[in-house]
Amino acid sequence: MRHTANKRLITMILLIVSTMSFAQNIVVESFSKDETDQSARITNMRKDKNGKVCAIVKIETPLRLQDFNFDAGMVGVVYSEQKTGEIWVYLSPGAQRITLNHKYLGSIRNYDFVEPLKEATVYIMKLKSGTVEHIVKEDVNLQYLIVTCKIDGAIIKIDGNKEEVINGELQKQLSFGKHQYTVEAPMYHALSGVIEITAKEKAYLAPDLKPNFGKITINTQPEQGADVYIDGDKRGQTPITIDRLKSGAHEVRVVKTMFSPKTSHITVTDGSDQPVNLTLKPNFAVITLNADGEIYVNDVRKGTNTWKDRLMDGNYTVEVKKASHRTLTQSIEVKAGEDKTLNLSALTPIYGVLNVKCNVVGADILIDGKKTDDTPAIIREVFAGKREVELRKTGYQSYKQTIEVQEGKVATIDAELKEFKLAFVGPEMVNVPGGTTTLNGSSVSISTFQIGKYEVTQKQWYDVMGSWPYSHSDSVPSSMYGVGDNYPMYYVSWENIVGTSSGGSVGYTEKGVTYYTNGFCYKLSVLANGGTLGSAHYRLPTEAEWEYAAKGGQRTHNYTYSGSNTLGDVAWYDGNSGSTTHTVGGKSANELGIHDMSGNVWEWCSDWYGSSTYPSSTSNPTGATTGSLRVFRGGSWFAAASSCTVSYRYGSTPTFRNYGIGFRLVLVP
């Protein structure tokens, strides 16, 4: 019969066969309380409508719950459920009797529990009954109806009953004859009709629902970006297209900052494609302010010298502020749609007088970096506030002083210029002819340059700077790590050498690095030129220049270390240094006559450290364009042999310093 199920419909017909001869086919065999069963109290607790915990009567029977009906009188049955081999009946506490009605096997009426049921207690009732057999009998009075509707959310009703739609299709067995159907879907008009089912063939239905919606596209002028509300619900911002909007009347409202809201009422028809173009009325004016200073509107800084933006209707307070000038305050009125440009009045400067005395006549007087007069001089109309004054004259050391100039008062500087005298021995330089070399696997060309024969010494540092760089109470240099005129300078940061904008001004730029007036390189360049900055500058070597020189330039023998394959011949390192620095030049030079490029102290380079950008080009590379670490090379007295090779790279922050880091210089003629 299974093999012909696609053509022959099967109906279940129940045939009751009683195996008992009593007039009543179901009886209670026993009824008792189970004190050990906690399911009514804990695991399966259920309360009645009065909030009391139900008693459970567990009926032991093979019969099915669906064939039973239970009645407990006024107390009532709270709930019943099918369990394996049992039916659980939940009764309110106090119930005294129950009636059991079975669909096929008769009834047990008003069975007495002997005593009222207790709250949260389990009782066991064993039933004795006849049996029910199920016999299968063929029936051919049915046929299939197949309905296809691919619209999302579609609902199909047959003779008023809602049917399940799976993947846009419904398969339903119906009896012969005519049947009423209704197909509904969100945003579509419902479709109803009658279809006749016959034995001849399956019936098919493909309803064509008509849309109950239209399409609208909303734009706003003069600007888009307005919030769109339809019937009070936010739908997005213009420009926006809503593909499905239910047919009928709708309210469209658009809202944008600095514009008046706009409301429109539209009617959408089935299948329409309707544009909605709304013009917004501005609530602002475009205001342009021109002034000589910082511009504030209602105490909020807007810009310097020129500001242009929108302001809403209303009155505003405009201020223009500038150091050493009186603040300008002005009220303006803004009206929507009335753009305007305001050229604000010039600010009134606040002046004091500066009297500059000096032991030398004709020295240039620079105020905040600008030449104003020469010594001696009384300078009127000096802006009030703190001023940086510098006196310069060839052959003399420059004089600098910060002085407070007050309105209407005379500030006096009494300066003494000292004749310039060189008090140091400049670094001895070695000429390095340009050429081609291999750096980090790449062929690179290097132009000719001059580099220090030795690392910069402690005497050279002090003669230029006049002090040691340190950040704690210990003296620098330290006797623990080598002290003396010809010992290398150490405990020096990259910023100590190059200088910083904090306390220094721009001196010159070399190889992409700005050298400031408070750095060693700038000060050495000035001293070497007799007290003024000339065309010759000192700078740090690029990393490529450093490695090219360390390898011996065009004279290279491709040694592992600078000048030898035997490290102890050319370097002080952790294997021979005795945990200290040594005087410069104490080991053999490399092929170019340069000493200590391996060991003694690490040497700062000008480049940013870039692990994947070295070399950065094939001609005179200058390293990464940005970074957080600066390069140092060569190893030191406390470094392992592997760190002293000519190719080993390392780096740290520009402010880092320790007792093993120094430097050597390049001279730009």
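The values are calculated or read from the model by the stated rules, or taken from the named source; none is laboratory data. Owing to the predicted nature of the structure, the values given are computational and were not obtained by experimental measurement. Because the Cβ atoms are built from the backbone with ideal geometry, glycine has one as well, and the counts that use them run over all protein chains shown. Note: accessible area is taken over every heavy atom of the protein model, side chains too, but ligands, DNA and RNA are not part of it. Shrake-Rupley method; radii C 1.70, N 1.55, O 1.52, S 1.80 Å.
Worth a mention:
- For segment 203-251, radius of gyration divided by Kirkwood radius, i.e. Rg to Rh on alpha-carbons: 1.21
- The portion of the accessible surface of the chain made up by carbon and sulfur, rounded to a whole percent, is 46 (1.4 Å probe; DNA, RNA and ligands excluded).
- Cα centroids of segment 449-468 and segment 20-76: 104 Å apart.
- Cross-link partners of LYS200 among lysines, defined as those whose alpha carbon lies under 29 angstrom from its own and excluding same-chain residues fewer than eight positions apart: LYS7, LYS137, LYS150, LYS157, LYS162, LYS172, LYS178.
- Straight-distance crosslink candidates among aspartates and glutamates, where the alpha carbon sits under 18 Å from LYS103 and sequence neighbours closer than 8 are dropped: GLU60, ASP67, ASP71, GLU81, GLU86, GLU133
- A viscosity of 0.890 mPa s and a temperature of 25 °C, combined with the Kirkwood radius over C-alpha pairs in the Stokes-Einstein formula, give segment 542-628 a diffusion coefficient of 175 µm²/s.
- Cross-link reach list, lysines versus LYS321, counting only Cα pairs under 22 Å and skipping chain neighbours closer than eight places: LYS302, LYS308, LYS340, LYS386
- Local electrostatic count, ASN110, Cβ distance below 12 Å [Lys/Arg +1, Asp/Glu -1]: 0
- The chain, relative contact order in percent, only Cα pairs under 8 angstrom and at least six apart counted: 7
- A DSSP coil position with no more than 13 other Cβ atoms inside 10 Å describes the following trypsin sites (Lys or Arg not before Pro) in segment 167-229: LYS200, LYS202.
- Viscosity 1.306 mPa s, temperature 10 °C, Stokes-Einstein D of segment 569-669 from Kirkwood C-alpha radius, µm²/s: 111
- With a Förster radius of 35 Å applied to the beta-carbon distance between MET480 and SER588, the computed FRET efficiency rounds to 0.85.
- Heavy-atom surface of the chain, accessible at 1.4 Å and reported per residue (Å²): 52
- Here LYS393 sits with roughly 70 square angstrom of accessible surface, probe radius 1.4 Å.
- With a Förster radius of 51 Å applied to the C-beta separation of GLN221 and ARG326, the computed FRET efficiency comes to 0.65.
- According to the Cα-based calculation, Rg over Rh for segment 460-604 is 0.99, with Rh computed by the Kirkwood formula.
- Treating r as the C-beta distance of ILE195 and LYS340 and R0 as 51 Å, the FRET efficiency rounds to 0.10.
- Taking only the Cα atoms of segment 101-237, the ratio Rg/Rh comes out at 1.30, with Rh defined as the Kirkwood radius.
- Annotation for segment 589-623 versus segment 361-433: alpha-carbon center distance of 37 Å.
- For segment 321-442: rounded, prolate or oblate by the Cα gyration tensor [a/c cutoff 1.5]: oblate
- Residue order for ARG649, ARG664, ARG301, ARG310 - accessible surface, 1.4 angstrom probe, largest first: ARG301, ARG310, ARG649, ARG664
- Taking all protein chains together, ILE166, ILE98 sort by accessible area into ILE166, ILE98, largest first [probe 1.4 Å].
- Added length on full extension, which subtracts the Cα-Cα distance from 0.36 nm per residue, MET258 to ASN69: 60.9 nm
- Computed across segment 233-377, the Kirkwood radius stands at 20.8 Å (inverse of mean 1/r, all Cα pairs).
- Quotient of Cα Rg and 2.2 N^0.38 Å for segment 29-74, N being how many residues it contains: 1.35
- Rounded to the nearest 10 Å², the accessible area of ILE151 at probe 1.4 Å: 40
- Segment 150-202 and segment 268-327 have Cα centres lying 62 Å from one another.
- Contact order normalised by residue count of segment 40-165, Cα under 8 Å, 6+ apart, percent: 24
- Here the alpha carbons of segment 258-299 define both size measures, Rg and Dmax, at 20.3, 63 Å.
- Over the residues of the chain, the helix contribution to mean residue ellipticity at 222 nm works out to -1000 deg cm²/dmol, using -39500 (n - 2.57) for each DSSP H run of at least 4.
- In Å², nearest 10: area of MET45 left accessible to a 1.4 Å probe: 100
- Average Cα contact separation per residue, segment 169-267, under 8 Å, 6 or more apart, as relative contact order %: 19
- For segment 299-361, the fraction of alpha-carbon pairs in successive 10 Å shells from zero, as %: 16, 40, 20, 11, 8, 5, 1
- More than 40 angstrom apart: percent of Cα pairs within the chain: 69
- Full extension of the chain between LYS157 and ARG244 gives 28.8 nm of extra length, using 0.36 nm per residue less the Cα-Cα distance.
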